[in-house]
1. Could I have the simple spin-label model distance between ALA103 and SER53, label points 7 Å from Cα toward Cβ, reported in nm to one decimal?
2. For ASN85, what is the net charge nearby, where nearby means another residue's Cβ is under 10 Å from its Cβ and Lys, Arg count +1, Asp, Glu -1?
3. On a C-alpha basis, how far is the centre of the stretch 1-38 from the centre of the stretch 62-123 in Å? Whole number, if you could?
4. Measure of size requested: the Rg and Dmax of the chain, with Cα atoms as the atom set and Å as the unit; please supply both.
5. On the protein heavy atoms, probe 1.4 angstrom, tell me the percent of accessible surface of the stretch 8-79 carried by carbon and sulfur.
6. Grab the other residues whose beta carbon is less than 12 angstrom from that of VAL121, score K and R as +1, D and E as -1, and report the net.
7. How big is the stretch 1-53 by Rg and Dmax over its Cα atoms, in Å?
8. Assuming a viscosity of 1.306 mPa s and a temperature of 10 °C, what translational diffusion coefficient in µm² per second does Stokes-Einstein assign to the stretch 79-122, Rh being the Kirkwood radius over Cα pairs?
Amino acid sequence: QVQLVESGGGLVQAGGSLRLSCAASGRTFSIYYVMAWFRQAPGKEREFVAHISWSGWRTHAEDSVAGRFTISRDNARNTVDLQMNSLKPEDTAVYYCAAGPRAALIPVSYDYWGQGTQVTVSS
């Protein structure tokens, strides 16, 4: 089984920064998994934020966060981070870490999920 645990959420003013971290563990976790961040705002569907290949060489971010959010991973520590800068009120959501065998933009493509961490951006 695989466990993903997110941390780093909180309340921040618009224009501020937060860094989310996801720690992966479990007997079946593989560093070859693609890691991703998704978010879900109240009343909305879960949406893709960014993903990163197992090597860390390839990343992709959703258009609304590209240039503001940066995804990175440390395979020695089994962690994946999301650095969020220039935060906007519309970034308010629960942020989820996910792991799966291939890069994808839809939640169903990922096999493992964390419990989520709340990010609230005040105007």
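The values are calculated or read from the model by the stated rules, or taken from the named source; none is laboratory data. Keep in mind that this is a model prediction, so the values were computed, not measured. A quick note on method: Cβ atoms are made from the backbone with ideal geometry, for glycine too, and the neighbour counts reach across all protein chains shown. Accessible surface is based on the protein model in full, side chains and every heavy atom, while ligands, DNA and RNA are left aside. Shrake-Rupley method; radii C 1.70, N 1.55, O 1.52, S 1.80 Å.
1. 0.6
2. Values: positive: ARG19, ARG68; negative: none.
Here the charged neighbours net out to +2.
3. So the separation of the two Cα centres works out to 7 Å.
4. Using the Cα atoms of the chain, the pair Rg, Dmax is 13.3, 43 Å.
5. On the way: 2010 of 4100 Å².
About 49 percent, which is the carbon plus sulfur part of the accessible surface.
6. Working: positive: ARG39, ARG68, LYS88; negative: GLU90, ASP91.
Taking every other residue near VAL121 into account, the sum is +1.
7. 13.5, 40
8. On the way: Rh = 12.0 Å.
After rounding, the answer is 132 µm²/s.
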